[in-house]
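A quick write-up on the structure given underneath.
The values are calculated or read from the model by the stated rules, or taken from the named source; none is laboratory data. Since the model is a prediction, treat every value here as computed from it, not as a measurement. Counting neighbours? That spans all protein chains shown, and the Cβs are built from the backbone with ideal geometry, glycine included.
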Amino acid sequence: MRHRVVIIEDNIPLSEGFEEIINSTDNFEVISRYDNCEEAIERIKYDNADVFLMDIELPGINGVEGTKAIKEIFPKANIIMVTVYENSNIVFEALCAGASGYLTKNLKPEELTDALNESIAGGAPMSIKIAKMVVSSFQKKPSKIELSKREKEVLTLLSEGNSYDSIAEKLFISKNTIKFHLKNIYIKLQVNSNIEAVQKANKENLL
């Protein structure tokens with residue numbers, strides 16, 4: 001049994017090229033090609049596709065919004081973005097929308113078939129360049145903000161729901177000293193409340 005593939009791409013020569021490559025395989029076949037998301041979404045139940053190859057820049061509904069719409073109808077749909085874009089913001093928009101993979105249009109025929117197989121197997125196919133961008137984006141840069149050991153202790157206890165009295169008792173310091181530390185914390189984190197201080201400290205990996 002061959003897996004059913006739908007291509008959503010407004011570059012007709014490219015779309016035809018993808019179809020030729022896919023139909024030459026033993027386990028995949030293109031059942032429909034569309035040059036816009038609207039028609040693809042309208043016909044989605046009839047196509048009953050296993051994999052979607054989706055361009056991002058399309059007339060009308062773009063690929064990111066189209067991906068969201070398809071995932072609402074078929075939450076388990078495998079959608080691989082195929083595009084000229086290599087911008088990290090667009091990559092993450094697509095992945096957050098539900099895309100299971102992201103490839104650039106200058107891929108080789110074998111890279112396309114490998115990506116289809118990987119997607120069906122539950123993987124997340126990505127070109128090497130895109131994968132490196134995703135990895136680097138997840139690697140958090142160390143924060144330039146520095147809190148003293150005592151400031152971290154005060155903020156940690158505060159984040160755990162302790163009152164000023166409780167913090168004073170645990171750290172053997174006065175409430176005025178706690179307020180002094182919090183004032184310094186506010187200045188360093190550029191915040192105006194305890195809640196904002198805890199949120200900012202967590203975001204900056206300071207606790």
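Is at least one residue of the range 55-66 touching a strand residue (DSSP E or B) at 6+ places or on another chain (Cβ under 7 Å), crowded, with 19+ Cβ neighbours inside 10 Å, under 16 Å from ILE130 (Cα atoms) and not small (Gly, Ala, Ser)? Within the range 55-66, one or more residues are touching a strand residue (DSSP E or B) at 6+ places or on another chain (Cβ under 7 Å), crowded, with 19+ Cβ neighbours inside 10 Å, under 16 Å from ILE130 (Cα atoms) and not small (Gly, Ala, Ser). Note on the range 143-168: among residues that are part of a loop (DSSP other than H, G, I, E, B) and without any contact (Cβ under 8 Å) to a residue 60 or more places away in the chain, the one that is surrounded by the most Cβ atoms within 10 Å (Cβ to Cβ) is LEU147. Looking only at the range 22-76, residues that are among the aromatic types (Phe, Trp, Tyr) and within 22 Å of ALA121 (Cα to Cα) come to 3 in all. Looking at the structure I just gave you, is LEU155 more than 29 Å from VAL82 (Cα to Cα) and not hydroxyl-bearing (Ser, Thr, Tyr)? So LEU155 passes the test.
Residues of the range 84-111 that are modelled with pLDDT of 85 or more and surrounded by fewer than 22 Cβ atoms within 10 Å (Cβ to Cβ): ALA97, GLY98, LEU103, THR104, LYS105, ASN106, LEU107, LYS108, PRO109, GLU110, GLU111.
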